[in-house]
Amino acid sequence: MYSPSPNFTNNLNEILLHNPDKIFVISAKYHVLELDEIIKPYNVSIDHLSKDKQISWGIEVAKQLKDKNIDLDIDLFYPILPNNYLKFFKSYIKNIIK
């Protein structure tokens, strides 16, 4: 769904320069997606959620990352996403590279 977006493509190319072990797409609707996961288009933004749902969303993102064997205390993260998304789960991640 995201691949036709020039912004997504540019961000993905930037991430690939860092030779990551894993790449995930963070989604307002689906939380954490594998890069090759296929989804239907949707029209949901973190900004459309209530404050309580935004906080729950961040908790779920952290949980799904752990479920994908990501160590939130040790692994390095290079997030390329708007701060209005990152702010709801960055407190669970110890090593964020900006």
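Here are a few things to note about the model shown:
- The GluC sites (Glu not before Pro) of the chain meeting both criteria, a DSSP state outside H, G, I, E and B (loop) and at most 16 other C-beta atoms within 10 angstrom of the site's C-beta, are Glu37.
- Ranking Ile38, Phe88, Phe8 by how far each Cα lies toward the positive end of the dipole of the chain (charges on Cβ) leaves Phe88 at the top.
- Taking each residue as 0.36 nm, the span from Asn11 to Asn83 lengthens on full extension beyond its C-alpha to C-alpha distance by 24.5 nm.
- Potential extension, Lys51-Ile39 segment - 0.36 nm per residue separation minus Cα distance: 1.8 nm
- Normalising the Debye intensity of the chain to I(0), with uniform scatterers on Cα atoms only, and taking log10 at q = 0.11 Å⁻¹ returns -0.31.
- Entry note, the chain: relative contact order of 23 percent, from Cα contacts under 8 Å with a spacing of 6+ residues.
- What the phi angles of region 23-31 give under the Karplus curve with 6.51, -1.76 and 1.60, with θ = phi - 60°, is a coupling list of 10, 10, 9, 9, 10, 5, 8, 9, 6 Hz, glycine and proline written as x.
- A Cβ-based charge dipole, computed about the Cα centre of the chain with Lys and Arg at +1 and Asp and Glu at -1, lands at about 340 debye.
- Backbone geometry of region 82-98 corresponds, through the Karplus equation with coefficients 6.51, -1.76 and 1.60 at θ = phi - 60°, to 3J(HN,Hα) couplings of x, 4, 5, 8, 4, 4, 8, 9, 5, 5, 8, 10, 8, 10, 9, 9, 9 Hz, x marking Gly and Pro.
- Among the listed pairs Lys68/Lys90; Lys66/Lys87; Lys22/Lys53; Lys40/Lys90, those whose Cα-Cα separation exceeds 23 Å are Lys22/Lys53; Lys40/Lys90.
- Residue among His18, Leu49, Tyr78 farthest towards the positive dipole end of the chain, charges placed on Cβ: Leu49
- Per residue, the chain exposes an accessible area of 68 Å² to a 1.4 Å probe, with every protein chain left in place.
- Heavy-atom accessible surface of the chain: percent carbon and sulfur, 1.4 Å: 52
The values are calculated or read from the model by the stated rules, or taken from the named source; none is laboratory data. On a predicted model such as this, the values are computed, not experimentally measured, just so you know. Neighbour counts run over all protein chains shown; Cβ positions are idealised from the backbone, glycine included. Side chains included, ligands, DNA and RNA excluded: accessible areas come from the protein's heavy atoms. Shrake-Rupley method; radii C 1.70, N 1.55, O 1.52, S 1.80 Å.
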